[in-house]
Every structure is written in C-alpha cells, then in structure tokens.
Amino acid sequence: MNADERRFAVLRAIVADYVSTHEPVGSKALVDRHNLGVSSATVRNDMAVLEEEGLIAQPHTSAGRIPTDKGYRQFVDRISQVKPLSAAERRAVQSFLEGAVDLDDVLRRSVRLLAQLTRQVAVVQYPTLTRSTVRHLEVVQLTPARLMLVLITDSGRVDQRVVDLGDVLDDADVSRLREMLGNALNGRKLSEASAAVAELPETGPDDLRMSLTQVATVLIETLVEHPEERMVLGGTANLTRSHGDFPGSLRQVLEALEEQVVVMRLLAASQESGLVTVRIGEENEAEDLRTASVVTVGYGSGTPLGGMGVVGPTRMDYPGTISAVHAVARYVGEILTGR
C-alpha cells in the first residue's frame, strides 16, 4: 500500500466512523477500530496531510476530525464497489413494487421504499411526457358535440381531456375520427405525435376539419412538455432525526423541498438511466441545499422516463444509499416499461 492508498484508507475509516457515531474521530480510535496496519504516529501524520488537503477538519480544539464536503467527494468518487442489497431486500423490493395496481401506486410505493431503505427524504418524478410513447388513444362520445379523450402512454400515465367540438358528430363520424387519431398517435413518441396531430386538420376530410382542429388543439396541449411535471415526496420526517447535521438550516432544507421547481431541477439532471449522480453540500446549485447531499438516478430503459432520488445530510451512508437508489430505480423502470 503506497502513501496515497494508505491515506485514503484513513479517510475511508474516518467517514465510516463519523457516519456511524456522529462523533469526531481521533487517531487512537482509528487504530483500535480498523486494521490499518500502521502505527498511531503514521495515522496522525496521514490525518495531518488529509487536513492540509481539505479532506477532513477539526470542528473544535482537542477534538478528533470529521470529513469535509471535499472529503466525502473523494470517498464517493473512489468507491470501488457499491454495497449490494441483500437477497432478502431485493425480494422484498420486487414484491412490494410488483403489487402496485397503477402508475400512481408504483410511484407512491417507490417513495416509501426509498425513504425506508435510506432513512432519508425520497422523491420520485412522474414520467416525463415527452420521453414517453403513446400506447393508445381512446375516444369516448359524451354527447353529440362533446368527446372525452383518454391518452395512455407506455409508462402507464393516463391523461383525460374533454373536447367541445362546436359541431355535431354521429357514430360514423366518431369512428372515422378515432381511426385518424389512432393512426397519427399510436406507437409514436409524444414529440412526434404532437407534430402528426397538428397536420390532421389540413390533411383530414373537409367535413371533419372543425372537429379535428378542436381535438388537435387539446391534444397538442396534452402532448407537449408540462412545466409543472408532478412528483411524489416521502420520508420528510427522517430529516428531523438528523437535526444536528443541519445546524440552524434544517428549515431551509425543508423549504427547498417544498419548492417543487428546485427538486424537479435536481431530478431533471438525471439524464441517463441507471447512472447515479451524487451532489455533496456546496456542489448543490440551490443555496438552501448546501448543507445536504442529493443522490439521484434516472429510471426507465434507454432514455429515462423520469428521475428519482433522496435528500439527506452530508453525513450519510453513501454506499448503501447509492445501492438503494439504483436498485429501486431499476425495478421501477422494469415495471413501467413492461406494462
């Protein structure tokens, strides 16, 4: 083991002990608890170098050392193996999620699972519409001049819209309308579907032009990106257990979580399915989250349908948290893309 590897072993031991005990870690405790294979004097020298490099700090005189944001970052970047979920945990996760009855239930269960597994605040974004494909469009005639459109995507998302036609249609007209809309939409990405729908009033039969214009207007509003994309949040009470990790700033973190735009921006950065992103303390753009760490990942196969993750103190079990976020995202992606 060279000097760099040995110092990283010391940093790793400090992180492990501090996360476990929430107490500053001294050189004697490191030698007693960890098989570092070197003397106390060598550990003290290594700790002095780590402190000079800004990876650990001394919170007050005569105390041990704690990791800094920079120290956590180096630890996370050099994690060689993410701690896997046990076989029992994997079975429990799979069974719990597969018991969901619809998209809303899948996401609610995902949030509960993540919050329980990580003991942090969990957040899951609803599938982003423009990344989805139209599975089916149902057209239901409510009255001769009013239709209900039910758009179902491959992610299980369902949107309903009522259209006032300004024209009266008989059953045959509704059947023709249904067929034209199905041909334009079914199996297409939503971004492509909106373009196809926009052409229908020009390419469709003259006697249905007014109805097609009304329907197309409503569908395009449904198909284009929604700036107010929804999300599910859970486990906020977990933050109160870590109150000491947010000196004077827990309220700021809670307020940031209430600002949906802030959280959606974090999740939107999860652009690649299965790739876990960790932002530690000052790395967070949102000022109110600079005492927290955010672990996020995209879910879905290929292009992610949305993002999910957890928010907690910088003093968190990063290997365990990364593993839980990755595992739940994988199962959610499998369930939604398999529906």
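Structure data summary
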| read-out | value |
| --- | --- |
| Val150 being over 17 Å from Arg209 (Cα atoms) and either free of Cβ contacts under 8 Å to residues at least 60 places away in the same chain or touching a strand residue (DSSP E or B) at 6+ places or on another chain (Cβ under 6 Å) (or both) | yes |
| Failed condition for Gln260, given (1) open to solvent by less than 10 Å² (accessible area, probe 1.4 Å); (2) among the polar types (S, T, N, Q); (3) over 21 Å from Arg73 (Cβ atoms) | (1) |
| Strands (runs of 3 or more DSSP E) contained in segment 117-198 and holding at least 1 residues more than 30 Å from Gly320 (Cα to Cα) | 134-143, 146-153, 158-164 |
| Positions within segment 3-35 being within 19 Å of Gln74 (Cα to Cα) and either outside any helix (DSSP H, G or I) or charged (D, E, K, R) (or both), in sequence order | Asp4, Glu5, Arg6, Arg7, Arg12, Asp17, Pro24, Val25 |
| Single residue of Thr240, Thr222 found to be outside any loop (DSSP other than H, G, I, E, B), without any contact (Cβ under 8 Å) to a residue 24 or more places away in the chain and either open to solvent by 10 Å² or more (accessible area, probe 1.4 Å) or among the polar types (S, T, N, Q) (or both) | Thr240 |
| Thr296 vs. criteria crowded, with 22+ Cβ neighbours inside 10 Å, modelled with pLDDT of 85 or more and more than 19 Å from Gly71 (Cβ to Cβ) | yes |
| Selected residue [more than 17 Å from the chain's Cα centre (by Cα), within 20 Å of Arg90 (Cβ to Cβ) and open to solvent by 10 Å² or more (accessible area, probe 1.4 Å)] from Asp288, Asp317 | Asp317 |
| Residue under evaluation Val295, criteria (1) closer than 20 Å to Gly234 by Cα; (2) out of contact with any strand residue (DSSP E or B) (no Cβ under 8 Å at 6 or more places or on another chain), criterion not met | (2) |
| Positions within segment 133-174 being closer than 26 Å to Val106 by Cα, open to solvent by less than 60 Å² (accessible area, probe 1.4 Å) and of a type in the set (D, E, K, R), in sequence order | Asp154, Arg157, Asp159 |
| Odd one out for Asp171, checked against (1) modelled with pLDDT of 90 or more; (2) within 30 Å of Gly309 (Cβ to Cβ) | (2) |
| Identity of the residue in segment 91-120, among the charged types (D, E, K, R) and in contact with a helix residue (DSSP H, G or I) (Cβ under 7 Å, 6 or more places away or on another chain), that ends up surrounded by the fewest Cβ atoms within 10 Å (Cβ to Cβ) | Glu98 |
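The values are calculated or read from the model by the stated rules, or taken from the named source; none is laboratory data. A quick note: this is a predicted structure, and the numbers were derived from the prediction, not measured. Reconstructed Cβ throughout: ideal geometry from the backbone, glycine too, with neighbour counts over all protein chains shown. Quick note on the areas: whole protein, heavy atoms, side chains included, nothing else; ligands and nucleic acids left out. Shrake-Rupley method; radii C 1.70, N 1.55, O 1.52, S 1.80 Å.
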